[in-house]
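Working notes, beginning with the structure itself.
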Amino acid sequence: MENLNIVICGVGGQGTLLASRILGHIAMEKGFDVKVSEVHGMSQRGGSVITYVRMGEKVYSPMIEQKGADFVLAFEELEALRNLPLLKDNGTLIVNTQKILPLPVIIGAAEYPKGIVETLKEKTNVVAIDGLPLAEKAGNVRAVNTVLMGALAKRLPFDKETWINALNACVPARFIEANLAAFASGYEA
């Protein structure tokens, strides 16, 4: 396998770090070299969180340069727009259609951009998923990240059983049932 580069982005509390652990677990299980790098920013205050996951026969650096990502997995629309420059021209952007208002928007100092998903679709290959209702139906509104991981899994060269094993290894036992259901809904979306 050639190196596979994935950017995971969202805001604090959306589960970007769990998503990167799941991908790292899969890469190690398959015998690939894997590097993960996390940029937290103001994550504990709802700020941007970006994680880079690189895997392949030999990976020398955890960082992904502009136009270097095969996939951008965005848990929020504005984060998808912010991280679009990292996506390769022929890459795929998987975006949750949820909007989480940043502080400047909340206090009225800025406006949330309109039509983000439509703008993204004009620029690249986009898979847009409304993950929140799927996570709710699965039993945990915080499992939106796992819904999106299911959508990503469908597009990567790893079998579904490998993903389920990684979820079982990385998700706390008290949340595994809802996360497996959320993953399945994203996989089928």
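The values are calculated or read from the model by the stated rules, or taken from the named source; none is laboratory data. It should be emphasised that the depicted structure is a prediction, and the values quoted were computed from it without experimental measurement. We place every Cβ from the backbone using ideal geometry, glycine too, and count neighbours over all the protein chains shown.
Quick look at the values:
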read-out	value
Residue 142, sole failed condition from (1) within 22 Å of residue 47 (Cα to Cα); (2) within 13 Å of the chain's Cα centre (by Cα)	(2)
Residue 173 over 27 Å from residue 64 (Cβ atoms) and touching a residue at least 12 places away in the same chain (Cβ under 8 Å)	no
Yes/no for residue 106 being at pLDDT 95 or above, of a type outside the set (Lys, Arg) and out of contact with any His (no Cβ under 9 Å at 6 or more places or on another chain)	no
Unmet requirement for residue 98, which otherwise passes all of (1) at pLDDT below 95; (2) in contact with a helix residue (DSSP H, G or I) (Cβ under 7 Å, 6 or more places away or on another chain); (3) part of a helix (DSSP H, G or I)	(3)
Given (1) in contact with a Pro (Cβ under 7 Å, 6 or more places away or on another chain); (2) at pLDDT below 95, index of the condition residue 54 fails	(2)
Hey, residue 134 surrounded by 14 or more Cβ atoms within 10 Å (Cβ to Cβ) and either in a helix (DSSP H, G or I) or at positive phi (or both) or not	yes
Yes/no for residue 114 being over 16 Å from residue 7 (Cα atoms), at pLDDT 95 or above and out of contact with any helix residue (DSSP H, G or I) (no Cβ under 7 Å at 6 or more places or on another chain)	yes
Verdict on residue 146 being touching a Gly at 6+ places or on another chain (Cβ under 8 Å), among the hydroxyl-bearing types (Ser, Thr, Tyr) and in a helix (DSSP H, G or I)	yes
